[in-house]
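First comes the structure, then the notes that go with it.
The values are calculated or read from the model by the stated rules, or taken from the named source; none is laboratory data. Not measured: the values here are computed from a predicted model. Here the Cβ is made from the backbone with ideal geometry for all residues, glycine too, and neighbour counts use every protein chain on show.
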Amino acid sequence: MATILKNGSRGPEVKKLQEALNATLKPRPLLVPDGQFGNLTRSAVLALQRKNWLVEDGEAGPATQSCLYDIEAFAPILHKVSFIAQPTNTTCWATSTAMMKNSTVPIIIARTPPDMIASDGGLLNSSESDQAIVTGQRYGRIHGLRCNAPMSWSVELLRQALSRGPLMFDMLWRVDEYTAGRGSPGHMIVVVGMRGDGNPDGTGTTLRIHDPWPPNRGKIYSKGYFKWSVDLPTMTYRVFER
């Protein structure tokens, strides 16, 4: 795995990084390839990350280096999906589905049976029962999507699915409560892109996200797949595809 280069790093790997940043970005002034990772080098790394929808942390880890050195395992995947922000606190599900279907939030809500919608306007997710795939498949059929059962997704499986189109992640926030059978509230987002070095551990993989939260604003950002899967192992509770 590539060494993570960041502020304070020194040595030939930093010099190589600086030379590659100069060749790729042509910053003005050019970086001095002195092998010392300082603020100017960090700014150049951030510029590279911003330009290539990588996680903008100013550190040159596996994902950033594979992009810079043009050694990514596959051509970056980035689907054109119209972004929509959720109109209320509980309509992430309808908003994400609208993005997947190039539709609108009112249309998605109108097509969803009332018995699938909670009293607060959220979508019932069946996380307190063994019906996740049953209700997920029902929801999918209603909206012309295919629901994948709860499981962990390898980097390659995720790449294959995203190569076919964007994915909607139905995530659960409270892992402990879910595993104890008590159910968990969740959130839905749309994954529109993926790039990386193909390493099976996911450390070099970046996902591009259309997140309808917060209400009336939403956010478009990137996430490292490895860190995300560790922080929230139930992020792929249910995954929907076209």
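One line per residue, one yes/no per condition, for (1) at pLDDT 95 or above; (2) within 22 Å of the chain's Cα centre (by Cα); (3) crowded, with 21+ Cβ neighbours inside 10 Å:
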site	(1), (2), (3)
D120	yes, no, no
Q137	yes, no, no
R141	yes, no, no
P150	no, yes, no
R159	yes, yes, no
L167	yes, yes, yes
V175	no, yes, no
T179	no, no, no
G186	no, yes, yes
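Does V190 qualify as being in contact with a His (Cβ under 7 Å, 6 or more places away or on another chain), surrounded by 13 or more Cβ atoms within 10 Å (Cβ to Cβ) and closer than 28 Å to A118 by Cβ?
yes
Please go through segment 194-242 and give me each residue that is of a type in the set (D, E, K, R) and either assigned to a strand (DSSP E or B) or over 21 Å from Q86 (Cβ atoms) (or both), ordered by number.
Correct list: R195, D197, D201, R208, D211, K219, K223, K227, D231, R238, E241.
Restricting attention to segment 107-142, which residues are assigned to a helix (DSSP H, G or I) and aliphatic (A, V, I, L, M)?
Once the filter is applied, which keeps residues that are assigned to a helix (DSSP H, G or I) and aliphatic (A, V, I, L, M), segment 107-142 yields I107, I108, I109, A110, M116, A132, I133, V134, I142.
Provide a single number: the residues in segment 148-169 that are under 19 Å from S82 (Cα atoms) and outside any helix (DSSP H, G or I).
5
Which members of segment 73-90 meet the condition of being within 15 Å of K219 (Cα to Cα) and in contact (Cβ under 8 Å) with a residue 40 or more places away in the chain?
Answer for segment 73-90, where residues must be within 15 Å of K219 (Cα to Cα) and in contact (Cβ under 8 Å) with a residue 40 or more places away in the chain: V81, F83, I84, A85, Q86, P87, T88, N89.
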